[in-house]
Amino acid sequence: MEIRLQKVIAGTGLASRRKAEEWIAAGRVTVNGKVVTELGTKVDPDRAHIKVDGKHISSAQPFVYLLLNKPKNVMSTLNDPGGRPTVKDFLRGISVRVFPVGRLDFDSEGLMLLTNHGDLAQTLLHPRYHVPKTYLIKVKQVLTDDHIRQLEQGVQLDDGMTGPAIVKKVKKAKLNSWLEITIREGRQHQVKRMMEAVGHPVLKLTRIKMGPLVLGDLGPGEFRYLTDREANALRELAEQKLASAEDAEQQTPKPKKRISRVGWARSKKAKVV
Ligand code: URA
């Protein structure tokens, strides 16, 4: 079956569809030895020899992206020296070596991305890129609007002020309340420490969003593959973050370490398991 060239390139995980279109328009892509710059070009991915910058895309290992709802009382790592259950125990039937993108506390639950796409994972995790993460939390007692304002503006923790957060009231119970909080940092136990700082300790915490990904109705312990649309949105997000970091670097006179483009530099981290 013939499909659009940019979709074939994006399907390998090397780039988002938009970035693949840029590569095609810039004359960096050849099909069967001929440069193709026409964006509507369709190819049969099983027959066409496609190269980007002279490299065969078919020789790239396909990237795998999984979304797991980590249950409570499970380590978010792949191994635990203490013998506690880990996220690996829930990935039945997955033979590809994937690793978790970020952490959740042992007693937290919710959205975890697992992938073998090392560069993308590093970009999403890097504190410099501020990928938003949203948590549904149950806290002790009911927050005042003043506390919500404090959380939104930043609170003082022992490792410094937090960045601005977005806080939404969800519902009140008899003694406690539920909130959604979105932060763009990833310090250890950050949400719990922020809520302690305003005097409302967390009783339950579930990550429900990370960048463009939404937990939805996946039950605890269940996982699914990302859809093409979700994987593409993640790649676009990572590309945007890298592009804005490169712009910022160009405006800074100091020489800094170059950041590799998503997809090309294959991280050794992809072989963790
Ligand atoms: N913040 C926390 O305090 N715990 C988590 O597991 C995630 C974010």
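By the gyration tensor of its Cα atoms, with a ≥ b ≥ c the square roots of the eigenvalues, what is the shape of segment 3-56: rounded for a/c under 1.5, prolate for a/b over b/c, or oblate?
Because its axes are fairly even, with a/c under 1.5, segment 3-56 counts as rounded.
Going highest first, how would you order 121-130, 26-35 by mean Cβ packing within 10 Å?
Details: 121-130: 17.7, 26-35: 12.9.
Final packing ranking: 121-130, 26-35.
Which percent of Cα-Cα pairs in the chain sits in each 10 Å bin, short to long?
The percentages, shortest bin first, are 6, 25, 29, 23, 12, 4, 0.
Given an 8 Å cut-off on Cα distances and at least 6 residues of separation, report the relative contact order of segment 134-233 as a percent.
34 percent
Once R0 is set to 41 Å, what does the formula 1/(1 + (r/R0)^6) return for the Cβ-Cβ distance between K55 and T182, expressed as a FRET efficiency to the nearest 0.05?
The formula returns an efficiency of 0.60 here.
In whole Hz, with x marking every Gly and Pro, tabulate ³J(HN,Hα) for segment 44-49 from phi via Karplus 6.51 cos²θ - 1.76 cosθ + 1.60, θ = phi - 60°.
Values, residue by residue: 8, x, 7, 10, 6, 9 Hz.
Taking +1 at the Cβ of each Lys and Arg and -1 at the Cβ of each Asp and Glu, which of F63, V198, L5 sits farthest along the dipole of the chain towards its positive end, judged by Cα position relative to the Cα centre?
Highest projection toward the positive end goes to F63.
With every protein chain present, what accessible area does I3 have (1.4 Å probe, heavy atoms only), rounded to the nearest 10 Å²?
I3 has an accessible surface of roughly 50 Å² with all protein chains in place.
Mind checking the dipole of segment 1-150: about its Cα centre, +1 per Lys or Arg Cβ, -1 per Asp or Glu Cβ, Debye to the nearest 20?
Dipole size: approximately 100 debye.
Any idea what the relative contact order of the chain is, in percent, if you count C-alpha pairs under 8 Å spaced at least 6 apart?
Answer for the chain is 22 percent.
Subtract the Cα-Cα distance of D105 and Q153 from 0.36 nm times their separation in residues, and report this length gain in nm to one decimal.
Taking 0.36 nm per residue and subtracting the Cα distance, the gain is 14.8 nm.
If the limit is 31 Å between Cα atoms, which of K42/K209; K55/K88; K88/K133; K88/K171 go over it?
K42/K209; K55/K88; K88/K171
Any idea what the dipole of the chain comes to, in debye rounded to 20, about its Cα centre with Lys/Arg Cβ at +1 and Asp/Glu Cβ at -1?
320 debye
Can you give me the P(r) profile for segment 133-210? Cα pairs, bins 5 angstrom wide beginning at 0, each as a whole percent.
P(r) over segment 133-210, rounded to whole percents: 3, 17, 32, 29, 15, 4, 1.
Could you tell me which helices of the chain pass both thresholds, a Cα extent of 24 Å or more along their own axis and a mean Kyte-Doolittle hydropathy of at least -1.0, with helices taken as whole DSSP H runs?
Membrane-span-like by this criterion, though nothing is claimed about a membrane: none.
Near the amide H of I208, under 5 Å away, which other amide H atoms are found, from residues 5 or more places off or on another chain, if H is placed in the peptide plane?
Those qualifying (amide H under 5 Å, at least 5 residues apart or on another chain) are L111, T134, Y135, L136.
Residue separation times 0.36 nm, minus the C-alpha to C-alpha distance between V96 and A25: what's the value?
22.2 nm
How big is segment 93-153 on each of its three principal axes, counting only the C-alpha atoms and giving the largest first in Å?
Its Cα atoms span 48, 28, 13 Å along the three principal axes.
Go through D119, D89 and list them by solvent-accessible area, largest first, probe radius 1.4 Å.
D89, D119
For the chain, what does -39500 (n - 2.57) per DSSP helix run (n ≥ 4), summed and divided by total residues, give at 222 nm, in deg cm²/dmol to the nearest 500?
When only DSSP H runs of four or more count, the value is -7000 deg cm²/dmol.
Restricting to Cα pairs below 8 Å that are 6+ residues apart, what does the relative contact order work out to for segment 3-56? Please round to a whole percent.
About 36 percent, as a whole number.
Using 0.36 nm per residue, how much length does the chain from D146 to K171 gain when fully extended, once their Cα-Cα distance is taken away?
Residue separation times 0.36 nm, minus the Cα-Cα distance, leaves 7.3 nm.
Ranking request for peptides 97-104, 168-175: highest mean number of other beta-carbon atoms within 10 Å first, then the rest in descending order.
97-104, 168-175
The values are calculated or read from the model by the stated rules, or taken from the named source; none is laboratory data. Quick caveat, the model's predicted, so the values are computed rather than measured. Please note: Cβ atoms are built from the backbone with ideal geometry, for glycine as well, and neighbour counts cover all protein chains shown. Each accessible area value is taken on the protein alone, full model and side chains, heavy atoms only, with ligands, DNA and RNA left out. Shrake-Rupley method; radii C 1.70, N 1.55, O 1.52, S 1.80 Å.
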